[in-house]
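Undergrad: Dropping the structure in here first, questions after.
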Amino acid sequence: MAANSSPIALMERYWKEWESKLSVLVQSKSAKLYFPAKLKQSDPDQEKNWYTVQPVTPICIYNAPPKGSSGKGIASSGRMAIFVTGSFELTPLERGFELHGATCEISFYRIKREDGDGVQLKLFDAMHFDYEKANNHTPFHPVFHAQRGRCRTITHESVKDLMVNYRVPGSEKVIVSDDEKIDLGTPYFRLPTPQLDIFSVFALLMADFFCNGGELKDNPRIQNMFRSILKHLTDERNAVREGASSRRLKDRFDSHISAAHWYAEFV
């Protein structure tokens, strides 16, 4: 790809393909995917010389079951609204671009309905996934890691706006607040992970909330649907599947490591 092509042009077609792949699994659990059709791109950072590409709005998975083993008939009070966002930092090369950094945030809300009171969303957990720059690895700091704690981008106010903008049922009267028993644990404990950008986190969400090994006998297609997501994650058209930090880690191992490889369905 020519150096004067934009990062957003490199990524947007691949981005759009995610919606249909995710929707099949999400709808199988009577949930709804609200997925922005486009990405947005910032002007290049004048000092650091990279572009930032991100969804125009966070992704919302509404009415998600609390775990993969939950059936379609679970009470609505046990359902969740999951919000995901993040960004990619891409540095121009002589030809194409290189992934320089990435972020991902995810927040989990319990859905509570009361007659005449619209919808109540209660935040009960949140985490973010970080990406250390290849040229700036700091001591005692995992290159890729997860941390629990409130998200900077996904706030109660932004969630309320998203509900309205996506026209989620009940959004005409929605109340967003903390769960009474919220406890986000130890926010400064960094859990080492593979590269968990937005695309990788999609795979984790589908595995843990929309797939269940016990269903394979009655619904063998579920494994193929999930396998399709893993293959899409590692497809060569995924321009951000491996960046400078990933390659630095790769030098320590015999082969490329991806979040997809953690699952038996990849084989």
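Undergrad: Expressed as an acute angle from 0 to 90° and rounded to the nearest 10, what is the orientation of the C-alpha long axis of helix 221-233 relative to the principal long axis of the chain?
TA: Rounded to the nearest ten degrees, it is 30.
Undergrad: Sequence-distant or interchain residues sharing an amide H contact under 5 Å with Thr193, placed H: which?
TA: Phe144, His145, Ala146
Undergrad: Provide the percentage of antiparallel DSSP beta bridges, counting only those with both residues in region 7-266; round to the nearest 5.
TA: If we restrict to bridges inside region 7-266, about 90 percent are antiparallel.
Undergrad: A 21 angstrom limit on the alpha carbon distance is what I want to check against. Which of Lys29/Lys112; Lys67/Lys112; Lys29/Lys181 exceed it?
TA: As for pairs spanning more than 21 Å Cα to Cα, those are Lys29/Lys181.
Undergrad: Which of Trp50, Trp18 has the fewest other C-beta atoms within 10 Å, and how do the rest follow up to the most?
TA: In order of increasing Cβ crowding within 10 Å: Trp18, Trp50.
Undergrad: List the extent of the Cα atoms of the chain along each of their three principal axes, largest first, rounded to whole Å.
TA: Answer, in whole Å and largest first: 59, 44, 37 Å.
Undergrad: Between 0 and 90 degrees, rounded to the nearest ten: what's the tilt of helix 7-28 against the longest Cα principal axis of the chain?
TA: Relative to the chain, helix 7-28 is tipped by roughly 30 degrees.
Each value in this text was obtained by applying a stated rule to the coordinates, not by laboratory testing. This one's a predicted model, so the numbers in the text were calculated from it and none came from an experiment. Cβ atoms come from the backbone with ideal geometry, glycine included; neighbour counts cover every protein chain shown.
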